[in-house]
């Protein structure tokens, strides 16, 4: 597995995971349970998304499209 995306928060990580899975790529959210250990404090650098090594290229393409999407499109 390779870490493919560093999310701003756990919610965004799940959005990216769902987007990848909708495109046939199995994805895993890293750091999901670390947020509960921190409690009310803001989390930083915990939420990430990983995929199988073989899906890295396609996952990067999908994520690049997500990051470049204009909300008004």
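The values are calculated or read from the model by the stated rules, or taken from the named source; none is laboratory data. This structure is a prediction, so every number in the text was calculated from the model and none was measured. Please note: Cβ atoms are built from the backbone with ideal geometry, for glycine as well, and neighbour counts cover all protein chains shown.
If you go through the stretch 57-73 and keep only what is farther than 14 Å from residue 7 by Cα, out of contact with any helix residue (DSSP H, G or I) (no Cβ under 7 Å at 6 or more places or on another chain) and either modelled with pLDDT of 95 or more or not in a loop (DSSP other than H, G, I, E, B) (or both), you end up with 57, 58, 61, 65, 68.
Residue-wise test of (1) surrounded by fewer than 18 Cβ atoms within 10 Å (Cβ to Cβ); (2) assigned to a helix (DSSP H, G or I); (3) modelled with pLDDT of 95 or more; (4) in contact with a helix residue (DSSP H, G or I) (Cβ under 9 Å, 6 or more places away or on another chain).
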site: 11; (1), (2), (3), (4): yes, yes, no, no
site: 17; (1), (2), (3), (4): no, yes, yes, no
site: 28; (1), (2), (3), (4): yes, no, yes, yes
site: 36; (1), (2), (3), (4): yes, yes, no, no
site: 41; (1), (2), (3), (4): yes, no, no, no
site: 46; (1), (2), (3), (4): no, no, no, yes
site: 50; (1), (2), (3), (4): no, no, yes, no
site: 55; (1), (2), (3), (4): no, yes, yes, yes
